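Asks: This is the structure, below, for whatever I ask next.
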Amino acid sequence: VNQDLQDPIDVHAIAGPFDIVTNFGTTEHVHDQEPCWRNVHSLVKPGGHLVSATPLDWPKHGRWYPTKHWYEEFARLNGYEMQMSFEITDRLGQNTLCVRMRKTGDSVYIFPDAPMVEFSEGKVGTYE
């Protein structure tokens, strides 16, 4: 599916929502995070899983890196059960945060206030 994650996705037009939605190195490149994660949330059906792996400190890669606290708040606010969360370090010493969560119901989407790392500027702050 060729889709700008900042634009609303017609979930039913692409046969969704889905049992599993993966985010392996995509969301950190999207400038406007709120609609991006709104789309991710809408693509996961109740009872389905979101599996995400996002950089924590990769230089010159993406812009927005969610923290573990951000994912925990995303889960709490949007009706997900956090099933797994861990960090891995690659051979270059770069760290990636991996999470798996299960959507427990169909809830209204709320974007977390928890901080994300804005790595392009090398600063940490709340995404606005």
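Asks: Taking R0 as 30 Å, what FRET efficiency do you get between GLN83 and HIS12 from their Cβ-Cβ distance, rounded to the nearest 0.05?
Replies: The pair GLN83/HIS12 has a calculated efficiency of 0.65.
Asks: Over the chain, what percent of the accessible surface lies on carbon and sulfur atoms, probe 1.4 Å?
Replies: Its accessible area is 52 percent carbon and sulfur atoms.
Asks: Helix 33-43 sits at what angle to the longest principal axis of the chain, using alpha carbons and giving 0 to 90 degrees rounded to 10?
Replies: With rounding to tens, the tilt is 40 degrees.
Asks: Would you mind telling me which residue in PHE86, PHE111, PHE18 has the biggest mean-square fluctuation in a Gaussian network model of the chain, where springs connect alpha carbons within a distance under 10 angstrom?
Replies: Answer for the Gaussian network model of the chain: PHE86.
Asks: What angle do you read, to the nearest 10 degrees and between 0 and 90, between the alpha-carbon axis of helix 68-78 and the longest principal axis of the chain?
Replies: 20 degrees
Asks: While we're looking at this one, here's another question. Given the Cα-Cα distance of HIS61 and ASP106 and 0.36 nm per residue of separation, how much length would full extension add, in nm?
Replies: Contour length minus Cα-Cα distance gives 12.9 nm.
Asks: OK, next. Provide, for the chain, the number of lysine pairs with alpha carbons under 21 Å apart, each pair being eight or more places apart or on different chains.
Replies: Here the count comes out as 5.
Asks: First check a/c for the stretch 1-92, with a ≥ b ≥ c the square roots of the eigenvalues of its C-alpha gyration tensor; if it is under 1.5, answer rounded, and if not, answer prolate when a/b is larger than b/c or oblate otherwise.
Replies: oblate
Asks: Which whole-number value in Å² is the accessible area per residue of the stretch 1-71, probe 1.4 Å?
Replies: 51 Å²
Asks: Right, next: Local charge sum around PRO46 (other residues, Cβ-Cβ under 10 Å, Lys/Arg +1, Asp/Glu -1)?
Replies: The answer is +2.
The values are calculated or read from the model by the stated rules, or taken from the named source; none is laboratory data. Given the structure is predicted, the values throughout are model-derived calculations rather than measurements. Here Cβ is always computed from backbone atoms with ideal geometry, including for glycine, and neighbour counts include all displayed protein chains. Note: areas computed on protein heavy atoms with side chains; ligands, DNA, RNA excluded. Shrake-Rupley method; radii C 1.70, N 1.55, O 1.52, S 1.80 Å.
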